[in-house]
Amino acid sequence: MTYLARISETWQITMPFDVRKILGLRSGDKIAFAQNENGEIVLCNASAGALAKAQKAFEGAAEMLGVKDELMCRLLLMKCVTAYESAY
């Protein structure tokens, strides 16, 4: 299916509702634009992409670190967030 949006004089567009729904976009989300091998520009929910990358990076970390309950998981998450924030 093809969706259309008009570019305003200030180079803004209104994302069609169906596209927002498909991508799971919410107000304030970031959108990533990437060029595929066919030269087409593809957009995706950058917030979802970042989360997916983080989940993949931490896959198996809880078991490796011996995290066995929700409290330990929350503490691990807090450490990760703190480390991320100090890196950026």
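The values are calculated or read from the model by the stated rules, or taken from the named source; none is laboratory data. Everything numeric in this text was worked out from a predicted model, so none of it was measured. A quick note on method: Cβ atoms are made from the backbone with ideal geometry, for glycine too, and the neighbour counts reach across all protein chains shown. With ligands, DNA and RNA removed, areas are computed over all heavy atoms of the protein, side chains included. Shrake-Rupley method; radii C 1.70, N 1.55, O 1.52, S 1.80 Å.
Things to note:
- Proximal lysines to LYS79, defined as alpha-carbon separation beneath 30 angstrom and excluding residues fewer than eight positions away on the same chain: LYS30, LYS53, LYS56, LYS68
- Pairwise label distance in nanometres, TRP11 with SER27, each label 7 Å out on the Cα-Cβ vector: 2.4 nm
- Length gained on full extension, LYS79 to ALA34: 13.0 nm, using 0.36 nm per residue less the C-alpha separation.
- Probe 1.4 Å, protein heavy atoms only - accessible area per residue of the chain in square angstrom: 93 Å²
- Of the solvent-accessible surface of the chain, computed with a 1.4 Å probe and all protein chains present, 59% belongs to carbon and sulfur.
- C-alpha long axis of helix 70-87 to longest principal axis of the chain, angle in °: 60 degrees
- Cut-off 18 Å (backbone N to label point 7 Å along Cα→Cβ of ARG20), residues of the stretch 29-53: 29-32, 43-48
- Sites matching trypsin sites (Lys or Arg not before Pro) across the stretch 45-76 that sit in DSSP coil, with at most 14 neighbouring C-beta atoms within 10 Å: LYS68
- Each Cα pair under 8 Å and six or more residues apart adds its separation to the average, and for the stretch 1-84 the resulting relative contact order is 14 percent.
- The C-alpha atoms of the chain define a longest principal axis, and helix 46-57 lies at about 30 degrees to it.
- For the peptides 42-48, 32-38, the ranking by mean Cβ contacts within 10 Å, running from highest to lowest, is 42-48, 32-38.
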